[in-house]
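Trainee: Sharing a structure below in structure tokens format, with a few things to ask.
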Amino acid sequence: MAGQTDENRLHVLRHAAFTARDVREMERPLLENGVPLMRMASAATAHVVAEMLEDEGVALEESNIVLLAGSGDNGGDGLFAATMLAGNGASVTAVAVGRTLHGEGFAAFVRAGGKVLILDPASEIPGCAAGFSAGEAGERLRAAVELAQHAHVIIDAMTGIGLSGALHGIAGTVASSLGVDGTIPDRTALPAGDSTGEFPLVVAVDVPSGVGVDDGAITGPYIPADVTVTFGALKPCLMLPPAAYACGRVTLVDFSFDIDGHMPFVEAVSGDNAAETVRLPRLADTKYLRGVTGLITGSERYPGAAVLSCKAAAKTNIGMIRYMGPQVCRDMVLDAVPEAVLGKGRVQAWVVGSGVPTGETEDDDFQRETIAKLLTHYALSSDDDPDDDDDLAYDMPPLVVDAGALDLLPDEVPPQVVITPHAGELASLLTARGEDVDASDVQNEPLHWALRAHELTGATVLLKGAVTIVVGEPADTDRESDAQGGFADDEQHVRVVVSGRAPAWLGTAGAGDVLAGMLGALLAQQDDEDVSAPDVAACAAYLHGYAAAQASQSDQRGFTPPTIYGSDDRHLRTKLGHPIVASDVIGMIPATFAELLS
Ligand SMILES: NC(=O)C1=CN([C@@H]2O[C@H](COP(=O)(O)OP(=O)(O)OC[C@H]3O[C@@H](n4cnc5c(N)ncnc54)[C@H](OP(=O)(O)O)[C@@H]3O)[C@@H](O)[C@H]2O)[C@@H](O)CC1
Ligand SMILES: Nc1ncnc2c1ncn2[C@@H]1O[C@H](COP(=O)(O)OP(=O)(O)O)[C@@H](O)[C@H]1O
Ligand SMILES: [K+]
């Protein structure tokens, strides 16, 4: 049984992220017992840096390393790591970006022969002359940036979980000179978060300094890392977009934290989770018991979306699909899926809007009218004044609202309504509700805006991207407290789940239609009320991503669970894969089920 427990713990460590506050709570008892966490953190960091140099064929004695050190414990971790590297022959310069340096770390570093460059004229670091002129401060800054640009490795230890707001001051200037300012990482998608191997390699200590630790937002300067060595537990920024794209490969140093005693703030779905949401056929099943999905998708303008959504749904383990749409779509759907049933009837879940143009257009009026009529059954009265119709809305089957149906969403809906926008669509939905936001704001702070959309509408929000974020209510939420406006006020009450299973090859026309169909089918087969809508939605994104990975033969993912420091699975370069079209993803759905269920 011990093995089983270890396996569970490992799964949680690799798929759950905890807020900075919880991480501090988890480290406290260990620190009180005198466990030398900083020494453990720095030894692991030094080891990872040495391994990276070895991988690139650079001997430690020949290497130039620049440590960017802040004045907190993150800088302390960096200084002790740098001490070990200097002690083993590396040439290491510590650049102090704050006014102070961790006392013991600094003393050890100097003893090991490390060099120090201080940038702040007002700094108070023993033995380092300060009070230099503004001109000299500028010279020193340029020299530090130049040194770092020509190093083999930059160790980024400016800020860790103690960051507040965007990086400012000297740390901010250093980060924007060496990295980027406020833009999301623009890098080639390589398997296992691999780097291109170009110097300087960047190793982030705990987290890349400057990214939003708890929300993964990018609002200021930071240095994208090739590798992040993180301590104790994953922080949300290592999992949430866009910060996760700035972390590179992640190594987690297990400090034996009491992870069971704390609620993760974000969880990444795994293959096991996805398999659990699949309803296995039963001996006495009928097509109706296996679930029926109704789709009102496609239009005269975009008939292909009807085919993609219907075919994807039909292949995602259900008994039947019903399709409603214009003649051209009906013909194409029947051609692609002769099993489809046309017209109205009982369903266990709906999918609406994929391939339906937004706004008023003549051709598609009928499609939008049908969707609008269906959506009225999901409209809730305002929070303060629940009425009997709300019960009917809560009793409606789950509904996926995609693309051209998003602007028809009622003001407030129950949580079995899952909206599936990309960043631009979420920005439009929020703008229509009075928020001042555009698509790039959503890309920079996706969690914030997904939470806002959930709070405003009550819907489960699936925000698409390389890492897809889903927010909504946990399974055990009771409706009475919702009606009193209880949800979303307290972030603990909101479930945040991500899936980063897909390779970037999936960013191709029609991929969203395929996801909508798969999600509709996965919702139709749920007969366990303990599974929350956000979990089902994230698992649909996982299955979709997995099928895309199979179709493109790619090992690249938006989020790769971390390697546990000290385990044997030292990183191997894996398959990059090849381009695909959305139909290829549908073709791989059966193989995905076979693989995940075996
Ligand atoms: N978890 C664990 O188990 C263990 C954790 N450990 C390590 O401790 C780290 C946490 O250390 P911490 O608490 O000292 O805070 P830290 O991240 O160094 O940040 C404070 C510094 O950042 C600065 N600063 C803040 N905001 C800023 C801004 N916007 N722009 C610019 N500067 C800003 C702030 O400056 P100030 O505001 O004081 O001027 C101060 O200098 C943690 O991440 C991990 O590495 C390990 O050693 C052991 C085990
Ligand atoms: N860089 C990426 N990496 C992985 N998956 C991606 C990436 N970009 C987009 N995707 C996925 O591809 C799909 C695109 O959907 P969408 O934008 O709605 O396309 P369409 O409207 O053409 O169907 C989403 O599931 C999204 O998560
Ligand atoms: K850092």
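Trainee: Subtracting the Cα-Cα distance from 0.36 nm times the residue separation, let me have the gained length for E61 to Q327 in nm, one decimal.
Mentor: 88.5 nm
Trainee: Quick check on the exposure proxy: order T188, T230 from fewest to most C-beta atoms within 10 angstrom.
Mentor: T188, T230
Trainee: Length gain on complete extension for the stretch E25 to I564, per 0.36 nm per residue less the alpha carbon to alpha carbon distance? Numbers along the way, then the final one.
Mentor: Numbers: separation 539, 0.36 × 539 = 194.04 nm, distance 2.12 nm.
Extending this stretch completely gives an extra 191.9 nm.
Trainee: Continuing with the same structure: Quick check: Cα centre of segment 514-533 to Cα centre of segment 450-478, how many Å?
Mentor: Between the Cα centres of segment 514-533 and segment 450-478 lies a distance of 15 Å.
Trainee: Something else: Enumerate the amide H contacts of A349 below 5 Å, restricted to partners 5 or more residues apart or on another chain; note that Pro and chain-start residues carry no placed amide H.
Mentor: Residues meeting the criterion, in which the H sits 1.01 Å from N, are V292, G294.
Trainee: In nm², what is the average projected area of the convex hull enclosing the Cα atoms of segment 2-268? Don't jump to the answer; show the numbers that get you there.
Mentor: Working: hull surface 56.2 nm².
Directional mean of the projected Cα hull area for segment 2-268 stands at 14.0 nm².
Trainee: I would also like to ask the following. Are there any trypsin sites (Lys or Arg not before Pro) in segment 516-593 that are in a DSSP loop and have at most 13 other Cβ atoms within 10 Å? List them by number.
Mentor: When the trypsin sites (Lys or Arg not before Pro) of segment 516-593 are filtered for loop state and at most 13 Cβ neighbours within 10 Å, R570, R573, K575 remain.
Trainee: Moving on. Given labels modelled 7 Å from the Cα in the Cβ direction, how far is it in nm from Y394 to A129?
Mentor: Spacing of the two 7 Å Cα→Cβ label points: 7.4 nm.
Trainee: List every residue whose amide H lies under 5 Å from the amide H of H102, counting only residues 5 or more places away in sequence or on a different chain, with H placed 1.01 Å from N in the peptide plane.
Mentor: Long-range HN contacts for H102: G76.
Trainee: Next up: Run down the aspartates and glutamates and flag those whose C-alpha is under 16 Å from the C-alpha of K575, throwing out any fewer than 8 positions away in its chain.
Mentor: Output for K575: D194, D555.
Trainee: Beyond a 32 Å Cα-Cα separation, which of these cross-linked pairs lie in this structure: K235/K373; K235/K311; K311/K373; K344/K464; K311/K464?
Mentor: K235/K373; K235/K311
Trainee: While we're looking at this one, here's another question. Treat each spin label as a single point 7 Å out from the Cα along the C-beta direction, and report the A591 to E198 distance in nm.
Mentor: 3.3
Trainee: List every residue whose amide H lies under 5 Å from the amide H of M158, counting only residues 5 or more places away in sequence or on a different chain, with H placed 1.01 Å from N in the peptide plane.
Mentor: G70, S209
Trainee: Among A50, A204, T100, flag the residue with its Cα farthest along the positive direction of the charge dipole of segment 2-268, charges on Cβ as +1 for Lys/Arg and -1 for Asp/Glu.
Mentor: The residue sitting most towards the positive pole is T100.
Trainee: Between S381 and E435, what is the FRET efficiency for a Förster distance of 25 Å, r being their Cβ-Cβ separation, to the nearest 0.05?
Mentor: Details: r = 22 Å, r/R0 = 0.89.
Once rounded, the FRET efficiency stands at 0.65.
Trainee: Let me ask you something else. Hand me the trypsin sites (Lys or Arg not before Pro) from segment 131-212 located in a DSSP loop with no more than 16 other Cβ atoms within 10 Å, in residue order please. If you can, show how the numbers build up before the last one.
Mentor: Details: sites: R140, R142, R187; in loops: R187.
For trypsin sites (Lys or Arg not before Pro) across segment 131-212 that sit outside H, G, I, E and B with at most 16 neighbouring Cβ atoms in 10 Å, the list reads R187.
Trainee: Can you give me the C-alpha center-to-center distance between segment 111-178 and segment 62-86, rounded to a whole angstrom?
Mentor: 12
Trainee: Next up: Can you compute the helix-only [θ] at 222 nm over the chain? Use -39500 (n - 2.57) per DSSP H run of at least 4 residues, normalise by all residues, nearest 500 deg cm²/dmol.
Mentor: It comes out at -11500 deg cm²/dmol, rounded to the nearest 500.
Trainee: Applying the Karplus parametrisation 6.51 cos²θ - 1.76 cosθ + 1.60 with θ = phi - 60° to the phi angles of segment 146-159, what ³J(HN,Hα) value in whole Hz is obtained for each residue in order, glycine and proline being reported as x?
Mentor: 4, 4, 5, 4, 9, 7, 6, 9, 9, 9, 9, 10, 7, 9
Trainee: Shifting gears a bit: Filter the chymotrypsin sites (Phe, Trp or Tyr not before Pro) in segment 55-129 down to the DSSP loop ones having no more than 16 other Cβ atoms within 10 Å, then list what survives.
Mentor: none
Trainee: OK, next. Per-residue HN-Hα couplings for segment 297-302, Karplus 6.51 cos²θ - 1.76 cosθ + 1.60 at θ = phi - 60°, whole Hz, x for Gly and Pro?
Mentor: Result, rounded to whole Hz: 9, x, 7, 4, 6, 10.
Trainee: Based on a Kirkwood Rh over C-alpha pairs, give the Stokes-Einstein translational diffusion coefficient of the chain at 4 °C and viscosity 1.567 mPa s in µm²/s. Mind showing how you got there, number by number?
Mentor: On the way: Rh = 25.3 Å.
The diffusion coefficient I find is 51 µm²/s.
The numbers here are math on the coordinates, done by the rules we state, and not lab data. The structure presented is a predicted model; accordingly, all values stated were derived computationally and were not measured. Every residue, glycine as well, gets a Cβ built from its backbone with ideal geometry; the counts of neighbours run over all protein chains shown.
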